[in-house]
1. With charges set only on the Cβ (+1 for Lys and Arg, -1 for Asp and Glu), what does the dipole of the chain come to about its Cα centre, in debye to the nearest 20?
2. Give me the 1.4 Å probe accessible area per residue for the chain, excluding ligands and nucleic acids, in Å².
3. At residue 352 and residue 329, where each label point lies 7 Å from the Cα along Cα→Cβ, what is the point-to-point distance in nanometres?
4. Which aspartates and glutamates does residue 367 reach when only Cα atoms under 19 Å apart count, and residues fewer than 8 places away in its own chain are ignored?
5. Add -39500 (n - 2.57) for each DSSP H run of 4 or more in the chain, then divide by its residues: what number comes out at 222 nm, to the nearest 500 deg cm²/dmol?
6. Taking loop as defined by DSSP and a crowding limit of 14 other beta carbons within 10 Å, which GluC sites (Glu not before Pro) in the stretch 118-163 fit?
7. Under 8 Å for C-alpha pairs, at least 6 residues apart: give me the relative contact order for the stretch 161-278, rounded to a whole percent.
8. Using the Cα centre of the chain as origin and beta-carbon charges of +1 (Lys, Arg) and -1 (Asp, Glu), tell me which of 131, 110, 265 is placed farthest towards the positive end of the dipole.
Amino acid sequence: MLNCSSMDSLPDYSSLGLPTERDGLEQFDHLQAYRRLGPIYQLQFRGERHVVIAGMEANEAAWRNPDQWSYHEALVPFREIMGPSHVTQLDGDPHRRKRRNLRNGFAMSAVARHLPVIDAVLREEFARACGQPVRLHDFFMTALTQANSKTVLHCELNAEALAHFIAFEEEFISGTILGEARHAHYARPSFVAHREFVFGFLRELVSGRLAGETRPDSFQDMITDRRERGEPVELDELIPEAYLLLMAGTGNTAKMLNCGLQHLLANPGWLGLLEEELSGYRVDQFMAGMGAFPRLKATLMEMERMFPAAPVLSRVVEIPFQFSGFELSRGTRVLHLQTLPHFLEEVYAEPYRFDPSRWIDREYPKKAHGTFGGSTHICLGMNLVRIHSPVAIANLLRDYRVSLGGDPDIVVNLNYGVPQTADLTAHWTRRILTNPLAAPAPVAQT
Ligand code: HEM
């Protein structure tokens, strides 16, 4: 066992004279703190001492043994809103069991089988919005949810239902980072109304399925698989799972696409190369992966790197462990800056430059990419994101010329909230079709 320094000697962020919480939640400067203090230091945040861990070494240490964390303690808001069986806040065996139960909905093969319908829905959504000013974030959330409602969880969503689901997801997620202030946030009558609508809608849908209705969607696959393995199939457990399929994470995907598009359109050289690659895009080519689209793949990796929608993870230590010469005891509140390596010059040259070409014929260490977290709690929706995003970009750039208007700045910043709140307005007009196979076809449900 190594000798550990006392936690009293832990370097302190406040000694640096850098911006703090008082200067605004987005003002912490962790890159400088990491440079000057090293991969572990302490910080006052929301009236409590937190230990910050950062860098590739922190990712290695945090993901080596997921059981050293208590997700139950760290992710209380998810339990409060989504219920005690919700995956995010489970630990140990119950978490492993839950992820096994969800596999048939979220594995790459489970998502990829819906590619043709996802493609057709997104194509229709782009066509519908053509020629008008479009608020990009709302557009992507709506389009992706529509795609989910025709693939992974079949259901009819009218305009009222969509509005409730989208507002609920946005307000639910933004509340999870508010600390104690979340109670007031979640008690607002508008949020209560969205919540009642969403859970009422899903309760009815799931009850129907349990009463014998079947649909050829991923939700059905999950239920069938569970029954075949003799696992219980219960209403209250299935409701938040249905939510995961229909809605979870769409705001994050929308944010990444939103910010990513702004940077892509500001790079005409790369944009031209990408448009050239996508001019002959057909969705069936994606069935074999992204091999035929190296520039698109590189573009999306660069979007993931620069715009990680959840840049910091809140953790609580369950089993004490050592990191960088200090022992973190049970109950320590930790901020794991899992995406800090995205902005380290020694890993990604000129890290603040949007440069997709850096990914061509080049791999980076796995521990340098923290966008989706890691280990057993790695983002459940990662495969969904990695299907939705290329299909969205490929359809948009193949069929349309896109411009952005009224752009607020997007600041790449590492903080505790979501750094890229860009409410962009876009406008697209149709290109002359060069690929007859790209002509819109009606949307069929899978
Ligand atoms: C660009 C979009 C997204 C980003 C950047 C993102 C990021 C993340 C991150 C960083 C985590 C934490 C992992 C950890 O604790 O180590 C996470 C967990 C999770 N994500 Fe995502 N996510 C995205 C989209 C989605 C989507 C579309 C879904 C839809 C189901 C989703 C569902 C989840 C769930 C359920 C968890 C908790 C998993 C667990 O605890 O086992 N996410 N995500």
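The values are calculated or read from the model by the stated rules, or taken from the named source; none is laboratory data. All figures in this text were calculated on a predicted structure; none of them were measured in a lab. Neighbour counts are summed over all protein chains in view; Cβ atoms, including those assigned to glycine, are modelled from backbone coordinates with ideal geometry. SASA here: full protein model, heavy atoms, side chains in, ligands and nucleic acids out. Shrake-Rupley method; radii C 1.70, N 1.55, O 1.52, S 1.80 Å.
1. On the way: 45 positive and 54 negative charges, 135 e Å.
My answer is approximately 640 debye.
2. For the chain, the solvent-accessible area averages 42 Å² per residue.
3. Those two pseudo-labels are separated by 4.0 nm.
4. 57, 60, 67, 302, 304, 345, 346, 350
5. On the way: 17 runs with 203 residues, N = 446.
Mean residue ellipticity at 222 nm (helix-derived): -14000 deg cm²/dmol.
6. Numbers: sites: 124, 125, 156, 160; in loops: 156.
For GluC sites (Glu not before Pro) across the stretch 118-163 that sit outside H, G, I, E and B with at most 14 neighbouring Cβ atoms in 10 Å, the list reads 156.
7. Numbers: 50 pairs, mean separation 29.9, N = 118.
Taking the mean separation of contacting Cα pairs over the length of the stretch 161-278, I get 25 percent.
8. About the Cα centre, the residue reaching furthest to the positive side is 110.
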